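Notes follow the structure.
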Amino acid sequence: MSIIFVKSVNDISKEIDKIETLEKYNENKNIETTINNDAINQIKNVTQEKKVKLEKENEVKAEGNILINTLDELIDVCSKKKEIKLKYELEKNVNLVRFENNRIEISFNDDLDKNFVKDLSLKLFEWTGQRWIISFSKIKGELSIKDKEKNNKIELLNKAKQASLFKAMIDKFPDANLIDVTTLKKKLDD
């Protein structure tokens, strides 16, 4: 409420216009403040919801019923649980130094994913219900699984090239080349 002292009628109309203008300004200001506060509250709510969702996603529930004693078993579990990225890293970029009870010691190549250790330890905890220690070693360790497979394939190719059947084929077709060898597993009947 405003108190106005008026000298003349013209001043009254000017003062009333000023008051109406001031009231409209205040109304607009209140609406803007309300809109801004609503927007800020909405942003806060969205941000708070995102934090709650992230916290729920980060909670780890341990299954605790899987025993893993070797690297091969770990790779099999990765396949079964559809953890293809971990499986790929374990096969391609990891050289095993030692695999003990809840402890893995590895050496690695430059292509290893930077989040590998974090991801692997999280998944191992989920699967086994136990904390695992994954450490890096300066010792070279074993060849990676993919390198072992590549060496086995080269060895099989070399053996096949030494076979008499291949030599006979080369005599008949000198420009032939052996590029792949597949071993057949025979079923044993009891």
Task: Equivalent ellipsoid dimensions for the stretch 103-151 as semi-axes, Å, which come from the Cα gyration tensor, largest first - done: 22, 12, 11
Open item on the list: Starting from 0.36 nm per residue, how many nanometres of slack lie between residue 114 and residue 84 once their C-alpha separation is accounted for?
Closed with: 9.2 nm
Task: Residue-wise HN-Hα coupling along the stretch 157-174, computed from phi with Karplus coefficients 6.51, -1.76, 1.60 (Hz; x: Gly, Pro) - done: 4, 5, 5, 5, 5, 7, 5, 5, 4, 5, 5, 5, 5, 5, 4, 7, 10, x
Open item on the list: Could you compute the net charge surrounding residue 115? Neighbours are other residues with a C-beta less than 14 Å from the C-beta of residue 115; K and R count +1, D and E count -1.
Closed with: -1
- [ ] Please pull out the direction-averaged projected area of the stretch 78-177, using the convex hull of its alpha-carbon atoms, in nm² to one decimal place.
- [x] 9.2
Task: Gain in span if fully extended, residue 169 to residue 153, counting 0.36 nm per residue against the direct Cα distance - done: 3.7 nm
Task: Segment residue 70-residue 103, extension gain: residue separation times 0.36 nm, minus the distance between their alpha carbons - done: 10.8 nm
- [ ] Calculate the dipole size of the stretch 90-190 relative to its Cα centre from +1 charges on Lys and Arg beta carbons and -1 charges on Asp and Glu beta carbons; express the result in debye to the nearest 20.
- [x] 140
Task: Dipole magnitude of the stretch 145-185 about its Cα centre (Cβ charges: Lys, Arg +1; Asp, Glu -1), debye to nearest 20 - done: 160
TODO: Let me know the charge dipole size of the stretch 61-109 about its Cα centre in debye, to the nearest 20, where only the beta-carbon of Lys, Arg (+1) and Asp, Glu (-1) is charged.
DONE: 220
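Every read-out reported here was derived from the displayed coordinates using simple, explicitly stated rules and does not represent laboratory data. Because the structure is predicted, anything quoted here is derived from the model rather than measured. When we count neighbours, we look across all protein chains shown, and the Cβ atoms used for this are built from the backbone with ideal geometry, even at glycine.
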